[in-house]
Structures are given as structure tokens and as C-alpha cells.
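All remarks here apply to the structure that follows.
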Amino acid sequence: MIVLQTWDTPNGQKPAILLEEAGAEYRLQGVDLGKGEQKSDGFLALNPNGKIPVLTDGNLVVFESGAILVHLAEKFGRFLAPAGQARLDALAWTYWQVGGLGPMMGQFGYFKMSGTNNEEAIERYLAESLRLFSVLERGLAGRPWLAGDDYSIADMMVFPWMRAAITFIAGTAGERMPDLSATRRWIDKIEARPAVRTALEKVKGLKG
Ligand SMILES: N[C@@H](CCC(=O)N[C@@H](CS)C(=O)NCC(=O)O)C(=O)O
């Protein structure tokens, strides 16, 4: 039995999207970040990093959303090419998201909401987020999906962050927002997928 421990955040939505796309049988278990449940002893035994998401699959345990999506893609034999350029591109965008887009947007959000008015930090993380948006726009130019012709784990990794970015960062960035026309078309295409809509609804439902 697959159990996904998660919460309604961009990182927490990714594995649910893959599970729904694959038509998998799984159980969702909410980890209330507001109550600090991700720091409980039971949760830390599964993920020493104390962050959602975590997936258990029988007696296997995997944390870090990128590792979870690779595990599920390989288990179901879908959404990650077995070899070649498409596989490398899917993995490269996956690492790009966990190492770049997520942390930069996360730090921007932290300083923007912290009330400390640290203008240098806000500008630093805003500028880097906007640069990464342009990188993504270039990556999507002339190709339907991030890894080429096929929808893959890379799209599932980046989509929840960009969906949030468009509304959250645009307010501060104003006219500095780069052209994101290919990105916006790609977001709309993913958002229209029934499995994605179901996954987002189910994860949202964890908050009650
Ligand atoms: N690189 C990790 C990031 C996970 C992460 O940052 N999770 C956040 C929610 S989006 C979290 O659990 N935050 C609570 C905390 O840091 O205590 C992944 O991709 O799984």
C-alpha cells in the first residue's frame, strides 16, 4: 500500500499529481505544518529533514519530492524515459526545481511576509526568482513539455511552483515580470488535466 504524507503546498502537491496521473491506489495522510507535525518523532523517523512530502510504499520509505517522483515513475514505468536525452532533461529540470526555483521563491516569500523589511534580501530573492522564470520560459520555447515531446515528472515538479508564482510574485514584480507566454500556456494545459485537478482537490481537502 502506498501512503503519501503531505500537506497543501507546492512540494506537497507533486506526488499526488503523479499518483493520480498513474491511476494508483494510495492513501493520503495529512501532516499539519501549522501544528508542527512534521517535527514529531514519528515523522522524523521517516524523514530526518522534517519536511513534507514523505511516501511509504510497502516497506520502502522515500522523502524529497524529486526522489519520490523518480521512485513512482520507475515503479509505474511512466513519466520518465528509461534512458537518453528525454530522461536527462526530466532529471535536470527536476534538480533545477528543487535546487533553484523552490528555494529562491521560498526565501522571497519568507522575507516578504516576515515583516522585517529586509529590502536587500527581498530584492535578491525576487531578482533570482525572475531570472529563473526566464530560464523556464526559454526551456519551454518550441517544446510542448519540459523534457521534450512527453509530459514527465519535470512538469509535475515545476508546475505547482509556477502556478503559485504567477499570482504571488507578480504583485511585487509588477512590470519586471518577464514574458511568460509559453509558461502560461503550459500551466493552463497542465491545470486542465483531470488527474491534476483531482490531485489538487484531494490535497487541499486535507486542510478540512
Ligand atoms: N526539497 C524538499 C522541500 C520540502 C519542503 O520544503 N517542504 C515544506 C513545505 S513546501 C515543509 O515541509 N515545510 C515545513 C518546515 O520546514 O518545517 C522537497 O522537494 O521535498
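With each label point set 7 Å from Cα along the Cα-Cβ vector, what nm distance links Ser114 and Gln85?
About 4.3 nm, to one decimal.
With a Cα-only, solvent-free Debye model of the chain, what are the log10 I(q)/I(0) values at q = 0.08 Å⁻¹?
These q points yield log10 I(q)/I(0) values of -0.27.
Show which lysines lie in cross-link reach of Lys35 when reach means a straight Cα distance below 21 angstrom and same-chain residues fewer than eight apart are skipped.
Qualifying lysines at Cα under 21 Å: Lys51, Lys202, Lys204, Lys207.
Looking at the chain, send over the antiparallel percent of its DSSP beta bridges, to the nearest 5. If you can, show how the numbers build up before the last one.
Values: 9 of 14 bridges.
The antiparallel proportion sits near 65 percent.
Between Lys35 and Asn49, what is the label-point separation in nm under the 7 Å Cα-to-beta-carbon projection?
Each label point is offset 7 Å from its Cα along the Cβ direction, giving 2.4 nm.
For region 159-185 and region 121-145, write down the distance between their C-alpha centroids in whole Å.
Computed from Cα coordinates, the inter-centre distance equals 9 Å.
Give me the number: length gained by fully extending Arg27 to Arg185, i.e. 0.36 nm times residue separation minus the C-alpha to C-alpha distance, one decimal in nm.
Details: separation 158, 0.36 × 158 = 56.88 nm, distance 3.16 nm.
Separation in residues times 0.36 nm, less the Cα-Cα distance, equals 53.7 nm.
Going by C-beta contacts inside 10 Å, put Thr183, Thr9, Thr94 in order with the fewest on the left.
In order of increasing Cβ crowding within 10 Å: Thr9, Thr183, Thr94.
Relative contact order for the chain using alpha-carbon pairs under 8 Å, separation at least 6, rounded to a whole percent?
This gives 27 percent for the chain.
Please give the contour-minus-distance gain from Val135 to Thr172: 0.36 nm per residue of separation, less the Cα-Cα distance, rounded to one decimal in nm.
Residue separation times 0.36 nm, minus the Cα-Cα distance, leaves 11.4 nm.
A short reminder: the numbers here are calculations on the coordinates, not readings from a lab. Bear in mind the structure is a predicted one, so any value in this text is a computation, not a measurement. Every residue, glycine among them, receives a Cβ derived from its backbone with ideal geometry; neighbour counts consider all protein chains shown.
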